[in-house]
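The values are calculated or read from the model by the stated rules, or taken from the named source; none is laboratory data. Source: prediction; values computed, not measured. Cβ coordinates were reconstructed from backbone atoms using ideal geometry, including for glycine residues, and neighbour counts include every protein chain displayed. SASA here: full protein model, heavy atoms, side chains in, ligands and nucleic acids out. Shrake-Rupley method; radii C 1.70, N 1.55, O 1.52, S 1.80 Å.
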Amino acid sequence: MEEIILEFEELEILRPKKRWKLYFVVLTEHPTDKDKWILTTIPNESHGVIQLKPRAENKIYFEPQDAVGANGLFVLDRNMPESRRIKVRVFLRHSRENARNAGQILSDVEGALGDEAFGQVTNLLGRTNPWLVIGKEAVQKVGKILSNIKDRDFGLITMDEEFGPEFENQSELDRMNNFSTGDARLVWSWATRNKS
């Protein structure tokens, strides 16, 4: 069985401010139900934010530099979809509070979606953190719901991937793009491996 893995490798904030409290909201297709998507936050600790201070010069390297075989920030892994395609949306947010309760964000989205949300589950996509299950039609509402949380919005990156012939000669490919606001840039990698 072939498996796919998504990791974040490097984040750069393209704004002059040097002090940030960041978190990601990750939205992707449900691994077994084609009519549902799932949503989580990273980091997912109860006060989870990634602190970025002036000495870091607005950059975070999730993958250790010059370390052969090192990994970045693990986002998800799952069996290869039958179509060999996956859809992933990632929002970047700056918390205006000193701490951000990841569970509260999921609860806020769940409450705003009402009957388009189907509760929280754990142990999906290689992570133990909770994921909120939502209807496929509700995906387009998530950005608006997040904008009602009084945090700075760095926008969205689409990380959709089709695992084509380029993965035959190498098992990992790096991708890079700016978030939709143009205020931050992310490097991520998609990898494939055979599961024993």
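Structure data summary
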read-out	value
The chain - Rg and Dmax from Cα coordinates, angstrom	16.5, 48
Extension reserve of the R96-E2 stretch, reckoned as 0.36 nm per residue once the Cα distance is removed	29.8 nm
Largest to smallest principal axis extent of the C-alpha atoms in the stretch 116-193, angstrom	43, 32, 23
Computed label-point distance, nm, for sites R152 and N177 using a 7 Å Cα→Cβ extension	2.3 nm
Considering only the stretch 41-186, percent of DSSP beta bridges that pair antiparallel, nearest 5	100 percent
Across K34/K141; K53/K144; K59/K136, pairs whose alpha-carbon gap is larger than 27 Å	K53/K144; K59/K136
Relative contact order for the stretch 4-98, counting Cα pairs under 8 Å that sit 6 or more residues apart, in percent	45 percent
Computed log₁₀ I(q)/I(0) - Debye formula, equal Cα scatterers, no solvent, the stretch 58-118, q 0.14, 0.23 Å⁻¹	-0.78, -1.15
Peptides 141-149, 2-10, 162-170, 20-28 ordered by average Cβ neighbours within 10 Å, highest first	20-28, 2-10, 141-149, 162-170
³J(HN,Hα), Karplus 6.51/-1.76/1.60, whole Hz, each residue of the stretch 86-96, x for Gly, Pro	9, 10, 9, 10, 10, 9, 10, 10, 10, 6, 7
Residue order for R185, R55, R93 - accessible surface, 1.4 angstrom probe, largest first	R55, R185, R93
Mean shadow area of the stretch 1-103, taken as a quarter of the surface of its Cα convex hull (nm²)	8.4 nm²
